Amino acid sequence: MKLVTRTFARTGRFLADCVRSPVVWLFTGLHAGWFFAAIARMGPPSRAAAGFWESFQGADWTLFAGRPFHFYYEPWIVKALFVADLPVLVLTAPVDILVSPLTRLAHIRSYEASYFAAAELLLAGTFQWLLVGRWVEVRWVARKFSKKLG
């Protein structure tokens, strides 16, 4: 029980430190801006493409935020976002595998499900960049402190 209490206390302190950190806000803000800029570069959403995708088995593209997505043909800003968020995409894959049958049971179509996937990437990617921002800040402060001592 003591381990659980300590874990929650440490997590709470970590999140409180993140909320107060301007470096963390910079990283998460840049990620959010980058995410929405990438979505805008993908073009307008298309329900027609979603309908075609649902009927066309074996397609080599998918939907992302209601837009047709094929990594090879996407602009560099979209490719860079997906490469930068790749660690969190790998970590959230098991969640996607568990949730995908539920979307079928709830009769959520591909178009709507693509928005859930985009929201998941935004939230998980923002959390990833929160961790990166905190890591950079801790290293930066440690470096400044070690220079003062040495």
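The values are calculated or read from the model by the stated rules, or taken from the named source; none is laboratory data. Computed from a prediction, not measured in an experiment: that's the story for all the values here. No Cβ is skipped: glycine too gets one built from the backbone with ideal geometry, and neighbour counts run over all protein chains shown.
Only helices (runs of 4 or more DSSP H) whose full extent lies in segment 1-77 are considered here, and the ones with at least 1 residues that are under 18 Å from Ala117 (Cβ atoms), of a type in the set (Lys, Arg) and modelled with pLDDT of 85 or more are 22-41.
Does Val99 satisfy the condition of being of a type outside the set (Phe, Trp, Tyr), assigned to a helix (DSSP H, G or I) and loosely packed, with under 13 Cβ neighbours inside 10 Å? Taking the combined requirement at face value, the residue does not satisfy it.
Is one or more of the residues making up segment 41-60 within 25 Å of Trp140 (Cα to Cα), touching a residue at least 40 places away in the same chain (Cβ under 8 Å) and acidic (Asp, Glu)? No, segment 41-60 has no match at all. Candidates in segment 1-57 are the residues that are of a type in the set (A, V, I, L, M) and in contact with a strand residue (DSSP E or B) (Cβ under 6 Å, 6 or more places away or on another chain); of these, the one that is surrounded by the fewest Cβ atoms within 10 Å (Cβ to Cβ) is Met42. Regarding Ser114, is this residue touching a Gly at 6+ places or on another chain (Cβ under 6 Å) and either surrounded by 11 or more Cβ atoms within 10 Å (Cβ to Cβ) or not basic (Lys, Arg) (or both)? Yes.
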